[in-house]
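Structure, as structure tokens:
Values in this text are rule-based calculations from the coordinates and carry no lab data. Keep in mind that what you see is a predicted model, and the values were worked out from it rather than measured. Cβ sites come from the backbone with ideal geometry, for glycine too, and all protein chains shown count toward neighbours.
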Amino acid sequence: MKQFVVIGCGRFGSSVARALYGLGHDVLAVDRDEDVIQELADSVTHAVQLDATDEAALKSLGVRNFDVAVITIGSDIQSSILITLLVKELGVDYVLAKAQNELHAKILYKTGADRVVLPEREMGVRVAHNLVSSNILDYIELAPDYSIVEITPLKGWIGKSLQTINVRDKFGVNIMAIKSKSKINISPSAQDIICDDDILVVVGNNDDIQKIEKKA
């Protein structure tokens with residue numbers, strides 16, 4: 001079991017936090033918006049409202065004890081850079097940060113980020129996975145051994161509920177969202193039925209994800 005701290009809990013950050021917690025990991029969610037924190041409180045190990053650009057506040061959380069920090073404050077470039085620097089200096093081993101553009105990504109790497117999520121930078125990996133497995137549509141490395149992928153459902157999943165296919169027990173992964181033509185279901189329930197044209201957003205260990213790729 002790993003310990004993750006997710007800083008910046010917008011749509012992407014909160015989905016990552018929920019999915020990692022669902023996989024059995026310790027997750028600390030941090031955001032400056034109290035409403036966001038209250039909404040996440042029951043879906044993660046701990047949820048704390050604070051300004052992560054405050055070094056003293058980060059120290060008080062014991063951030064140095066976490067294995068991975070996920071910084072998803074992509075819209076506030078200055079804050080994302082400062083927080084990346086702070087968490088790295090405080091001793092977090094692996095820092096993943098979301099960037100707005102190439103320059104932002106370069107600065108994040110220079111300030112200590114181990115991995116920067118930037119659509120253009122991810123394209124090579126995504127194409128490679130798509131060539132290997134026809135059901136892998138998108139691929140983002142979350143940590144050295146964890147990734148988020150968009151996949152088309154296996155034939156045996158279509159028309160069945162999430163509870164029935166039970167991917168967490170069978171494959172060790174978690175479905176964090178279901179995308180259809182009309183909407184995106186960010187927090188799917190066990191009773192939700194998988195349709196033929198759905199796209200599943202899955203998070204899990206790379207080895208477990210590969211098991212799904214081989215089934216395609």
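For this structure, a couple of remarks:
- Sites Glu34 and Lys155 - FRET efficiency at Förster radius 45 Å, r taken between beta-carbons, to 0.05: 0.50
- For segment 3-117, the fraction of C-alpha pairs more than 18 angstrom apart is 42%.
- Hits among aspartates and glutamates - C-alpha to C-alpha of Lys110 under 17 Å, sequence gap 8 or more where chains match: Glu89, Asp93, Glu102
- Electrostatic bookkeeping for Asp93 treats Lys and Arg as +1 and Asp and Glu as -1; over the other residues with beta carbon under 13 Å from its beta carbon, the sum is 0.
- Flagged links, alpha-carbon separation over 29 Å, of Lys183/Lys215; Lys98/Lys160; Lys98/Lys181; Lys88/Lys170: Lys98/Lys160; Lys88/Lys170
- Against the chain, whose longest principal axis comes from its Cα atoms, helix 119-132 is set at around 30 degrees.
- For the residue pairs Lys179/Lys211; Lys2/Lys214; Lys155/Lys214; Lys106/Lys179, the alpha carbons lie more than 20 Å apart in Lys179/Lys211; Lys2/Lys214; Lys106/Lys179.
- Label reach from Asp197 (point 7 Å along Cα→C-beta): in segment 146-169, amide nitrogens under 20 Å belong to 150-161.
- Extension gain for Asp93 to Ser189 (0.36 nm times residue separation, less C-alpha to C-alpha distance): 31.2 nm.
- Cα-projected label distance for Ser180 with Gln163, points at 7 Å along beta-carbon direction, nm: 1.8
- For q = 0.13, 0.15 Å⁻¹, Debye-computed log10 I/I(0) when each Cα of the chain counts as one equal scatterer: -0.73, -0.96
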